[in-house]
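The structure under discussion appears below in the form of structure tokens.
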Amino acid sequence: MTTFAERGLDLRGLLQGTVAIVTGASRGIGAAAAWTFARAGAAVVLAARGEDTLLELADRIGSEGGRATAVATDVTEPEAVERLVARAMETYGRLNAAFNNAGEGALQGPLADVEPEDFDRVLDVHLRGTFLCLRSEIPAMLQSGGGSIVNMTSTAGVGGWRGLGAYVAAKHGVVGLTRSAALDYAAQGIRINAVAPGPIMNDRIASLSDEQREPIARAVPMQRIGTPEEVAATVAWLCSDAASYITGAVVPVDGGQLAEI
Ligand SMILES: NC(=O)c1ccc[n+]([C@@H]2O[C@H](COP(=O)([O-])OP(=O)(O)OC[C@H]3O[C@@H](n4cnc5c(N)ncnc54)[C@H](OP(=O)(O)O)[C@@H]3O)[C@@H](O)[C@H]2O)c1
């Protein structure tokens, strides 16, 4: 069965005139979001640590008629995140949307086996990184007359998962940050939501053997692994005026997985 994204879901115009930051934009879900945002009419500010990949992506988006700027950024560094938002404001004059997505999955084993520094590293990228992005993006959005932010959580931000304690704690934290920030800024024209994907194809899942991948798909009610484009389409919609009365929500993009928790 082909998905909407594979059939070429047409979102042209959905984000026309929008200036959007996407973190973790160099590959996976973030790269798909960068393309989706650009094709929907947004000017996109791409952030990740690896500058070469980002510059190449910005060039490719530009050569297809989109607008994109690459800003090498480590989301765990407050000054770097401040520079990222400042670049968006300098380059495009405003900030209307942001997808705080940076970070990678982290299977660490049973909780008592996790080293404190490994726990800190996971919390640093996923939870503190999301906080640092919100902290810099919100003032820029207030200055721009409002906006919409989508934070990346996971089905692991809603339920527990064996062997993933630090990641689960961080992603639950992102849900809490999202809800509290949404309440803080609801009356000031900033909507703040989160997406909670189930298993989504990325380099790590693609590198597994068919035998390793099959149980992952089988655990999903829809019996398949999702595509980065399916998450990207939901994020673009949440960032758009089509979702104008939605804030503080955690939207599953999980083939039905959370319906079973
Ligand atoms: N794939 C899934 O099944 C799934 C499911 C639920 C939630 N998620 C969440 O979705 C997000 C993206 O996952 P993905 O599967 O697309 O991963 P991915 O393909 O590994 O991409 C991760 C992205 O994050 C960037 N990144 C990592 N650490 C960073 C840092 N400190 N500062 C800035 N950028 C950083 C990476 O670029 P650099 O290495 O160049 O910095 C890369 O662009 C993550 O938050 C993940 O937890 C994924």
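The values are calculated or read from the model by the stated rules, or taken from the named source; none is laboratory data. No experiment lies behind these values; they were computed from the predicted model shown. Heads up, the Cβs are rebuilt from the backbone with ideal geometry, glycines too, and the neighbour counts pull from every protein chain shown. Ligands, DNA and RNA are excluded from the accessible area calculation, which covers all protein heavy atoms including side chains. Shrake-Rupley method; radii C 1.70, N 1.55, O 1.52, S 1.80 Å.
What the table shows:
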read-out	value
Relative contact order of the chain, pairs being alpha-carbon contacts under 8 Å that are 6 or more residues apart, as %	20
Computed label-point distance, nm, for sites Gln16 and Glu82 using a 7 Å Cα→Cβ extension	3.8
Per residue convex hull volume, Cα atoms of region 170-261, in Å³	109
Given charges at beta-carbon only (K, R positive; D, E negative), |dipole| of the chain in Debye	740
Set of region 21-55 residues, backbone N closer than 15 Å to the point 7 Å along the Cα-Cβ line of Met89	21
Rg in Å to one decimal, and Dmax rounded to a whole Å, for the chain via C-alpha atoms	17.4, 51
Estimated FRET transfer efficiency when R0 is 35 angstrom, pair Leu111-Leu183 (beta carbons, to 0.05)	0.70
Relative contact order of region 8-85, pairs being alpha-carbon contacts under 8 Å that are 6 or more residues apart, as %	27
Inter-label distance for Gln143 and Glu211, nm, one decimal - labels placed 7 Å from Cα along Cα-to-Cβ	5.6
Between helix 51-63 and the chain: long-axis angle, C-alpha atoms, 0 to 90°, nearest 10	60
Cα→Cβ-extended label distance, 7 Å offset, between Arg60 and Asp241, nm	3.2
Share of carbon and sulfur in the accessible heavy-atom surface of the chain [1.4 Å probe, %]	51
Per residue, in Å², the accessible surface of the chain once ligands and nucleic acids are set aside, probe 1.4 Å	48
Dipole magnitude of region 1-134, debye to nearest 20 (Cβ charges: Lys/Arg +1, Asp/Glu -1, about Cα centre)	840
For Asn151, distant residues with modelled amide H under 5 Å away	Asn100, Asn193, Ala194, Val195
